[in-house]
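Here's the structure we're looking at; comments come further down.
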Amino acid sequence: MIGRLTLSDFRNHADALILPDHAFILLTGDNGAGKTNILEAVSMLAPGRGLRGVPLSAMARQDGAGGFGIAGEVDGVVLGTGVAPASPDRRQVRIGGVASSANALADHLSIVWLTPAMDRLFLDSPGGRRRFLDRLTLALHPGHAAHSARYDAAMRARNRLLADLRRADPVWLTALEAQMDEHGAALAGARADLVARLNHVLADQPDEPFARPLIAIESEEGSEEPLAPRLARERRRDAAAGRTLSGPHRHDLAVTHVAKGQAAAFCSTGEQKALLLSILLAHAALVAADRGQPPVLLLDEVAAHLDPSRRAALFERLAATGGQVWMTGTESSLFSDLSSATRLTVTAGHVFRSAA
């Protein structure tokens, strides 16, 4: 759990200090006050670009010097990240005061989030679903981010060579395709492991009050064959397309509403939200059992569209995970069923303790 969080020049927060003393941290305030910005700051204590997925330069406070800093204390170790004004797009990470990589953050903390923008997850592009899948996978396989980065780097290098296929060095292409094969196999294996174990947990989950999902990975035809020979065979096709058309970067996440036997994309908005919550709750239980430490959950405006009975059921399930849960809402009454929580009011970039 995060025992201390500090922000400096992040979004609309010139500075902020949050000292959680309960598993639930509740952030309430008007729209635009900066509640989601705090969740985004927490999400930056994990590999990647945070819950909004925007460039680092967009996170710095507009009236600040151009950089920002975030620090969180986890089990006595301070995880720090940010950018310097002189290099607004170069992320810096320090773990225990020592310079490190962003991927190393996954060894200390697992973070998963649900935001209103994800309500369209099942209707949007495969890329969004793949990023969601990888965020879940990372919590169980901390090396997943490194494999993803190396796979992407090799693929970009291959695509550059294919732009002028006649002059491309076939030996270098073969080496890059071998790298994509190695790291792609690790990506696919970790994703498959997550899906199998999640489905095992979800099989025991009731259909109510949240829908029970069945999840699967959809991949291109012929994906059972090792990737390297496929890529070598498909160089001309990929050169004509201007991109690589085979590999785990083409995977998609498929989710089915078990009780209705219906793909999530055809379910109602409320049912899709329920399916996502079911996946996150099952994932939290799986991570807690696997790593001995549940993930930190960031839930943005998650309670606003639930009726009172489902809200109470959600809070009960969240408490059962044993993990830290950060939630936002415009009204404190949404969280009235929670007796023990760190309650904070956010107003125009300032954070205050609020009454119980």
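Only the coordinates and a few stated rules stand behind these numbers; no lab work does. Values in this document were obtained by computation on a predicted structure and should not be read as measured data. We place every Cβ from the backbone using ideal geometry, glycine too, and count neighbours over all the protein chains shown.
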Practice prompt. On a 0 to 90° scale, report how tilted helix 126-140 is relative to the longest principal axis of the chain, with both axes built from alpha carbons and the result rounded to the nearest 10.
Written response: 70 degrees
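Can you bin the range 87-217 into rounded, prolate or oblate? Criterion: square roots of the alpha carbon gyration tensor eigenvalues sorted a ≥ b ≥ c, rounded for a/c under 1.5, prolate for a/b above b/c, oblate for the rest.
prolate
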Discussion item. Taking the number of other C-beta atoms within 10 Å as the exposure measure, put 59, 118 in order starting with the fewest.
Written reply: 118, 59
Practice prompt. Name the residues whose placed amide hydrogens come within less than 5 Å of the amide hydrogen of residue 68, ignoring near sequence neighbours (fewer than 5 apart) on the same chain.
Written response: 83
Worksheet item: Angle, helix 269-291 long axis vs. longest principal axis of the chain, Cα atoms, 0 to 90°, nearest 10?
Response: 80 degrees
Response to the item:
Summing -39500 (n - 2.57) over every DSSP H run of at least 4 in the chain, dividing by its residue total and rounding to the nearest 500, the 222 nm mean residue ellipticity is -12000 deg cm²/dmol
Practice prompt. Estimate the FRET efficiency between residue 307 and residue 159 by the formula 1/(1 + (r/R0)^6), using the beta-carbon distance for r and 51 Å for R0, to the nearest 0.05.
Written response: 0.55
Worksheet, complete the sentence: Residues whose built amide H sits under 5 Å from the amide H of residue 323, excluding neighbours closer than 5 in sequence, are none
Worksheet, complete the sentence: Proxy exposure order for 22, 249 (fewest C-beta within 10 Å first) is 22, 249
Discussion item. Let me test this: with uniform point scatterers at the alpha carbons of the chain, what is the Debye-based log₁₀ I(q)/I(0) at q = 0.06, 0.10, 0.13 1/Å?
Written reply: -0.24, -0.66, -1.07
Discussion item. Using the basic label-point model (7 angstrom from Cα toward the beta carbon), what is the residue 199 to residue 63 distance in nanometres?
Written reply: 5.4 nm
Worksheet item: How many percent of DSSP beta bridges within the chain run antiparallel, rounded to 5?
Response: 70 percent
Fill in: Theoretical FRET efficiency, 1/(1+(r/R0)^6), r = Cβ-Cβ of residue 232 and residue 87, R0 22 Å, to 0.05
0.05
Practice prompt. Please turn the phi angles of the range 189-196 into ³J(HN,Hα) values with the Karplus equation 6.51 cos²θ - 1.76 cosθ + 1.60 (θ = phi - 60°), one per residue in order, whole Hz, x for glycine and proline.
Written response: x, 5, 5, 5, 4, 4, 4, 4
Practice prompt. Using the number of other C-beta atoms within 10 angstrom as an exposure proxy, rank 221, 177, 73, 208 with the fewest first.
Written response: 221, 208, 73, 177
Practice prompt. Largest first and in whole Å, give the semi-axes of the range 117-292's equivalent ellipsoid, each being the square root of 5 times a Cα gyration tensor eigenvalue.
Written response: 35, 17, 12
Worksheet item: For residue 262 and residue 78 in one chain, what is 0.36 nm times their gap in residues minus the Cα-Cα distance, to one decimal in nm?
Response: 61.7 nm
